[in-house]
Structures are given as structure tokens and as C-alpha cells.
Amino acid sequence: MAVPKRRTSNSRQGHRRSHHRLVAVQIQYCPRCNEPVLPHRVCSNCGFYQGRDAIQLPDEKQGK
Ligand SMILES: [Zn+2]
């Protein structure tokens, strides 16, 4: 099994980990009801996605 020849220096380890930070999720707003939605997700408030009603929300039409 291959084994590292040299110990990874603190500097090199830090450079590698410089890409490890978390990025905040992008929040967009539903074009119909202006609720905040995650990108590429159906709006959980009105079921709107890609210019149409993608899902039928239970509390909207069924009344439960
Ligand atoms: Zn919406």
C-alpha cells in the first residue's frame, strides 16, 4: 500500500481546507405568492413551479 513520504505541513493542510467552507443556501421567492422557496423546488405555500401548479396542495382544494 502506498504511504505518504512526507508529513502534510500545516500550511498545505490549510490550503487544502480553504475550500471546505459552507456556503449559505440561495433563497428565491415564488413569483406567484412571494414566499421564500429553495431553488429547483416546488413552492410549499402554493405548489407553483415552472409556471404551473406542479402539485395539488391538500389544504388548498380538499379542505383538510
Ligand atoms: Zn408560491
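Only the coordinates and a few stated rules stand behind these numbers; no lab work does. Values in this document were obtained by computation on a predicted structure and should not be read as measured data. No Cβ is skipped: glycine too gets one built from the backbone with ideal geometry, and neighbour counts run over all protein chains shown.
What pairs come out if I take residues in the range 10-29 that are free of Cβ contacts under 8 Å to residues at least 24 places away in the same chain and under 28 Å from Gln50 (Cα atoms) and pair them with residues that are in a loop (DSSP other than H, G, I, E, B) and aliphatic (A, V, I, L, M) whose C-beta lies under 9 Å away, six or more apart or interchain? Listed by first residue and then by second, the contacts come to Val25/Leu38; Gln26/Leu38; Ile27/Leu38; Gln28/Leu38.
Residues in the range 16-52 that are of a type in the set (Ser, Thr, Tyr) and surrounded by 13 or more Cβ atoms within 10 Å (Cβ to Cβ): Ser44, Tyr49. Here is the figure for the range 23-48: residues that are near the ligand (Cβ under 9 Å from one of its atoms) and either in a loop (DSSP other than H, G, I, E, B) or touching a Cys at 6+ places or on another chain (Cβ under 7 Å) (or both) total 14.
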